[in-house]
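Read the structure below first, then the notes.
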Amino acid sequence: MEERIRKAVEDALTELGAPGVSFAVERPGDASHGDYATNAAMAAAKMLKKNPKELADVLAERLQKTLGADAEKVGCAGAGFVNITLSTGAVRTLTKEATEKSWGTETTRKGKRIIVEYSNPNAFKEMHIGHLMSTIIGESVARLIQNTGATIARDTYGGDVGPHVAKALWALQKKGITEPTSAKEIGEAYTHGSRAYEESEDAKKEIDELNQKIYEGSDTALMELWRKGRDVSMEAFGRIWKALGTHFDYFFFDSEAAVVGVDVVKDGLAKGIFEESDGAVIYRGEKVGLHTRVFLTSRGTPLYEAKDMGLAFIKEERFPSDESIILTAAEQSDYFKVILAALGELAPLLAAKTKHIPHGFLRLTTGKMSSREGTIISATELLEDVVKRAGEKNPDPVIAEQVAVGAVKYMILRQSPGQDIIFDPEKSLSLEGDSGPYLQYALVRARKILSYASEGGQNEIPEMPYAIERIILHYPEVVAHAEHELAPQHITQYLTELAGAWNAFYAQEQVLGSVEEAYKQNVARAFANTMEHGLSLLGIPTPERM
């Protein structure tokens, strides 16, 4: 409906002599102002040299005629807003559409190929709660894009070579461990190696030499320990991804990106894009208003910068795409500006279609975590704790896990991707509102009512649509807005409002046995279909009971 209203406004402005004016069509903050509002009169007033209020009157009259039976009332308010209230017939038509399978789906990106990179835990470290941000936001972003008809590839990129790996392997060797058995064991080794690297010059020298050997790959015993350690790490990550409803089509690693990255940077050096400095190869970011970064060390070892350059070319080879999206912590924003600037000089088309989306931190009350200092809370520990808490009210372990995953995901997806989050386990599991379980429980209630639906229900039609119907009708535009901004919080916030409206409807209206039973069942079906689709886009499970 929003698109139809927008088209009607555009046509009216064109007829009035103001084509191409930028304006908004949105849902008013106050329901008493109608279902939609537009600032088009204020936006076009200067071009038409008219008073905004007077122009709003003219625009309202034209919209009333254009929208016809779909508009109950089109009026003016404030400094020149035009408010539109849909007719009862239009609302009921949209409620019926909300019961259909296609409700909320789009085709705006049909035929496009898009690759989304997220999660990105490093092998030889435990996945910590910070990685939950990227994993959960990235999965929802991928689902939003997939909902538009695009062909999606999910990929994750992890560090399996570099100083952190050398530190972990050094500590494992010192302990005589040749068969690491758990991610926790490897994570503890990394912490031990990191401390030794800072505190002992001998250890620092040994770890640096070990790092070089890993890149060379000639030490058979060392590389066997490396392979086993990486496998253990990836198996642990896989268990977490499965619990979160995430899967990946491609797994990229530093070890392969490093080889390609060295060649890419050397090619850029020959073309004058990079330059040598004290034996290292750098990119002078100052020439484009950024900062200088080292891509190859004086030993010729590739740093993260060179690896990310190589990764861009590997992705394009494996999955040629129209767009490449990367989600990482916000602290890497300046880093990616330099990477994309350098890539823009070397491969302009590849850089132009690459987009970096920053996300905030999942914080504790004690502040930022550090895997180097051994002060992290692993993703597994957090999930297990929330599952245990959820199990106190949900004895079925499957439902307890679904509720826990919903609780964690909601707390992360309720805010914009760039914001930091302090996770509160108690609040996350509340059934009183502003939580994942609140949404899940609302859906459980609706499904229960629908399970009692019968063909013989009475079918009187209420005089006016219910308030929840006027909320349901906005769902497709909320989805479109969330996808356009790649911002899942718009759906989270909408579903919270929708759940509240359902709970009010559930409390105030008798469904089963009422004279409007069939109609009310249809409203319940529209709500359930909308909530199911929205939760699916967020990656939040939908338990059958709670």
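The values are calculated or read from the model by the stated rules, or taken from the named source; none is laboratory data. Fair warning: this is a prediction, and the values are worked out from it, not measured in the lab. Heads up, the Cβs are rebuilt from the backbone with ideal geometry, glycines too, and the neighbour counts pull from every protein chain shown. The accessibility values were calculated without ligands, DNA or RNA, using every heavy atom of the protein model including side chains. Shrake-Rupley method; radii C 1.70, N 1.55, O 1.52, S 1.80 Å.
Obtain the nm distance between the two label points defined at Lys287 and Lys355 by a simple spin-label model: each point lies 7 Å from its Cα along the Cα-to-C-beta direction.
Taking the two extended label points, one gets 2.9 nm.
Using only helices, what value at 222 nm comes out for the chain when you add -39,500 (n - 2.57) per DSSP H run of length 4 or more and divide by the total residues, to the nearest 500 deg cm²/dmol?
Numbers: 21 runs with 297 residues, N = 546.
Mean residue ellipticity, 222 nm, calculated: -17500 deg cm²/dmol.
When the accessible area of the chain is split by element with a 1.4 Å probe, what percent falls to carbon and sulfur? Before the final figure, lay out the partial values.
Values: 12080 of 24440 Å².
Summing carbon and sulfur atoms, their accessible area is 49 percent of the total for the chain.
For helix 379-391, what angle does its Cα long axis make with the longest principal axis of the chain, in degrees from 0 to 90 and rounded to 10?
40 degrees
Can you list which of the chymotrypsin sites (Phe, Trp or Tyr not before Pro) found in the stretch 478-546 are DSSP loop residues with at most 10 other C-beta atoms within 10 Å?
Details: sites: Tyr494, Trp502, Phe505, Tyr506, Tyr519, Phe527; in loops: none.
Answer in residue order: no site qualifies.
Explain nothing, just the number: relative contact order of the stretch 1-71, from Cα pairs under 8 Å at least 6 residues apart, as a whole percent. All intermediate terms of the calculation are to be shown ahead of the outcome.
Working: 69 pairs, mean separation 20.8, N = 71.
Taking the mean separation of contacting Cα pairs over the length of the stretch 1-71, I get 29 percent.
Give, in nm to one decimal, the length gained when the segment between Arg195 and Asp267 is fully stretched (0.36 nm per residue of separation minus the Cα-Cα distance). Can you show the working numbers first?
Numbers: separation 72, 0.36 × 72 = 25.92 nm, distance 3.72 nm.
Extra length available between Arg195 and Asp267 comes to 22.2 nm.
Label point 7 Å out from Arg545 along Cα-to-Cβ: which residues of the stretch 397-423 have amide N under 15 Å?
Residues 397-400 fall inside that zone.
Where both residues lie in the chain, what percent of DSSP beta bridges are antiparallel, nearest 5? Walk me through the numbers before you get to the answer.
On the way: 20 of 41 bridges.
In the chain, approximately 50 percent of DSSP beta bridges are antiparallel ones.
Would you please give the FRET efficiency between Ser333 and Lys65, computed as 1/(1 + (r/R0)^6) with r the Cβ-Cβ distance and R0 = 45 Å, to the nearest 0.05?
On the way: r = 49 Å, r/R0 = 1.09.
The value I calculate is 0.35.
Quick one: angle between helix 517-538 and the longest Cα principal axis of the chain, in degrees between 0 and 90, rounded to 10, please.
On a 0 to 90 degree scale, this one is about 20.
Spin-label point model (7 Å from Cα, Cβ direction): what's the Met464 to Glu275 distance in nm?
Inter-label distance under the simple model: 7.2 nm.
Using a ≥ b ≥ c from the Cα gyration tensor of the stretch 211-271 (square roots of the eigenvalues), is it rounded, prolate or oblate, where a/c under 1.5 gives rounded and otherwise the larger of a/b and b/c decides, a/b for prolate?
Numbers: a/c = 4.69, a/b = 1.42, b/c = 3.31.
Note, shape of the stretch 211-271 comes out oblate.
Quick one: 3J(HN,Hα) in Hz for the stretch 287-293, Karplus 6.51/-1.76/1.60 with θ = phi - 60°, rounded, Gly and Pro as x.
Working through the residues one at a time gives 5, 10, x, 10, 10, 7, 9 Hz.
Rounded, prolate or oblate: which fits the stretch 429-499, taking a ≥ b ≥ c as square roots of the Cα gyration tensor eigenvalues, rounded meaning a/c under 1.5, else prolate when a/b beats b/c? Present the calculation step by step, with values, prior to reporting the outcome.
Details: a/c = 2.52, a/b = 1.48, b/c = 1.70.
It is oblate, given that a/c is not under 1.5 and a/b is not larger than b/c.
Solvent-accessible area of Arg62, probe 1.4 Å, all protein chains present, reported in Å² to the nearest ten, please.
Near enough 80 Å² of accessible area.
Sorted by accessible area with a 1.4 angstrom probe, largest first, how do Phe251, Phe319 fall?
Values: Phe251 85, Phe319 15 Å².
These residues rank, largest area first, as Phe251, Phe319.
Extension gain Ala79-Glu323, at 0.36 nm per residue separation less the Cα-Cα distance, in nm? Kindly include the intermediate steps, with their values, before the conclusion.
Values: separation 244, 0.36 × 244 = 87.84 nm, distance 4.13 nm.
Full extension of this stretch gives 83.7 nm more.
Using a/c under 1.5 as the rounded threshold, could you call the stretch 387-451 rounded, prolate or oblate? The axes a ≥ b ≥ c are square roots of the C-alpha gyration tensor eigenvalues, and prolate needs a/b larger than b/c, oblate otherwise.
Numbers: a/c = 2.41, a/b = 1.44, b/c = 1.67.
In terms of gyration-tensor shape, oblate.
What's the angle, to the nearest 10 degrees (0 to 90), between helix 489-508's Cα axis and the longest principal axis of the chain?
Relative to the chain, helix 489-508 is tipped by roughly 40 degrees.
Could you check the simple spin-label distance between Thr220 and Thr108, using points 7 Å along Cα→Cβ, in nm with one decimal?
Taking the simple label geometry, Thr220 and Thr108 are separated by 5.8 nm.
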